[in-house]
Amino acid sequence: MNEIDDTHSPRKRSWVVSANRPGADFPIQNLPLGVFRTGADAAPRAGIAIGDMILDLAAADAAGLFDGEAALAVTAAAGGRLNILLALGAGPRRALRRQASDLLDADSSLGRRASASAAKLLYPAAQCELLLPVEVRNYTDFYAGIHHARAAGALMMPDNPLPPNYKWVPIAYHGRASSVRISGGAVRRPRGQRRPASDGAAPVFGPCERLDLELELGMIVGPGNALGEPVPIEAAHEQIAGYCLLNDWSARDFQFWEMVPLGPFLGKNFSTTISPWIVTPEALAPFRCAAMERPTGDPAPLAYLHDASDQRAGSIDIQLAVWLRTARMREAGAEAQRIIRSNARHLYWTPAQMVAHHTSGGCNLMPGDLIGSGTISGPERAELSSLLELTRGGAEPVELANGERRSWLEDGDEITFTARCERDGFVGIGFGFCSGQVTGD
Ligand code: CA
């Protein structure tokens, strides 16, 4: 889970010079997987982000730059979807990382060979269209951010914000896979039904008036498990082939009217946005950290959710940020403003615990399934990772630098998530962007 090897060496530099810039999201130590195309009519291809370029895996394979398990992994990604590659598990994925690291290395013989044919292997990312990296057949959204659960719960039940099961069960619901979209698209304001203005009145059907974001970590399932065969907690981390950023757009007015008794439906199913690059567990190895320490008095996880190594290193230190750019800011040429910052280490349940719980009843996960962590709020005010929490249900609007205020998202607002991992002695890595712009209904 946290093996450090030569691919993490801070001395490693790439012959793709943009990858060596301080603060680059995609240095040679990252090597995230994705799918891109070079034009609207071009076929989707699997790639690895390196600096501001994309390495075309099939082209590198055709040039004889991969062999063994790494070549197997590239062949598995030939259809322009990564489901089969990720289903192969950690072995081929690690082999691909090792050889891609060697291939892009400024100081290796393979790197020198590859750099000689760079024009055939690399595309400028800015000239490519990024696509959904996997076919998402199932999407599950957890509720593992305890600070979110507490802050959101307090708006409804101030005296008892956490449900009684919260510290025992990694709570989740089954979301909608068909409306998972890649970063960069428009998010159309949904229509739906909201609570009547007064008792006895009819509910209103119309455009959402309380459109919100939720800052989450997305997890992509690798091999999956057979129906009826739970994944034990000790092996659960092996099921996660990579991580991305996820915006679980939420229509709060619909959600709070519809959610009892069966949970979210139209309040959530109109759109979910993910970032295009799958950051692998291997790339994240240096940034592993202990599971959140449970406060005194909290119950220990039940045995099927408890594993010593998961408790020791099952969480990940990922700095998260939410940026807002309104239509007026765009017109004025102003940059996006950061409105929220948080960290993935604030999750109460680890990714492995989510997988172990998800499959504990026998449910089968499939390659490419998407798992959302739940909104990752932190303990501080600036870490409340949805507008619901940040504005206290709309009562305390966010003040922007240009004088605008936001209780909820307005048409033209663009929301972007970014994320970075940093640790002394290692080269930091980033996740790229997860963005979407709200358009009218
Ligand atoms: Ca959510």
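The values are calculated or read from the model by the stated rules, or taken from the named source; none is laboratory data. None of these values were measured; they are calculated from a predicted model. Cβ coordinates were reconstructed from backbone atoms using ideal geometry, including for glycine residues, and neighbour counts include every protein chain displayed. When the accessible area is computed, the model is the full protein with side chains, heavy atoms only, and any ligands, DNA or RNA have been set aside. Shrake-Rupley method; radii C 1.70, N 1.55, O 1.52, S 1.80 Å.
Some points to look at:
- Residue ranges of helices (runs of 4 or more DSSP H) in region 40-108 with at least 2 members closer than 22 Å to Gln239 by Cα: 68-76, 83-87, 90-103
- Test: residue in region 17-26 that is surrounded by 24 or more Cβ atoms within 10 Å (Cβ to Cβ) and not in a helix (DSSP H, G or I): yes
- When residues of region 133-184 are limited to those that are of a type in the set (Gly, Ala, Ser), part of a loop (DSSP other than H, G, I, E, B) and surrounded by 14 or more Cβ atoms within 10 Å (Cβ to Cβ), the one nearest to the ligand (Cβ to nearest atom): Gly175
- Counting only helices (runs of 4 or more DSSP H) that sit wholly inside region 304-415, those with at least 3 residues that are within 16 Å of the ligand (Cβ to nearest atom) are 351-359, 387-390.
- Per the conditions (1) free of Cβ contacts under 8 Å to residues at least 40 places away in the same chain; (2) open to solvent by less than 30 Å² (accessible area, probe 1.4 Å), the sole criterion not satisfied by Gly372 is (1).
- Some residue of region 314-324 being among the small types (Gly, Ala, Ser) and surrounded by fewer than 12 Cβ atoms within 10 Å (Cβ to Cβ): no
- Condition met for Ala126 (of a type in the set (A, V, I, L, M), surrounded by fewer than 22 Cβ atoms within 10 Å (Cβ to Cβ), within 16 Å of the ligand (Cβ to nearest atom) and under 22 Å from the mean Cα position of the chain (by Cα)): no
- Of all residues assigned to region 271-282, none qualifies as being within 16 Å of the ligand (Cβ to nearest atom), surrounded by fewer than 23 Cβ atoms within 10 Å (Cβ to Cβ) and closer than 24 Å to Gly378 by Cβ.
- Test for Glu396: is it farther than 30 Å from Ala235 by Cα and open to solvent by 10 Å² or more (accessible area, probe 1.4 Å): yes
- Set Ala119, Ala100, Ala114: member being open to solvent by 30 Å² or more (accessible area, probe 1.4 Å) and of a type outside the set (D, E, K, R): Ala119
- For Leu121, the criteria (1) in contact (Cβ under 8 Å) with a residue 40 or more places away in the chain; (2) within 16 Å of the ligand (Cβ to nearest atom) hold in every case but one, which is (2).
- With respect to (1) within 21 Å of Pro32 (Cα to Cα); (2) among the basic types (Lys, Arg); (3) out of contact with any Phe, Trp or Tyr (no Cβ under 9 Å at 6 or more places or on another chain), the lone exception for Arg423 is condition (3).
- Among the residues here, Met354 qualifies as closer than 27 Å to Ile84 by Cβ and open to solvent by less than 10 Å² (accessible area, probe 1.4 Å).
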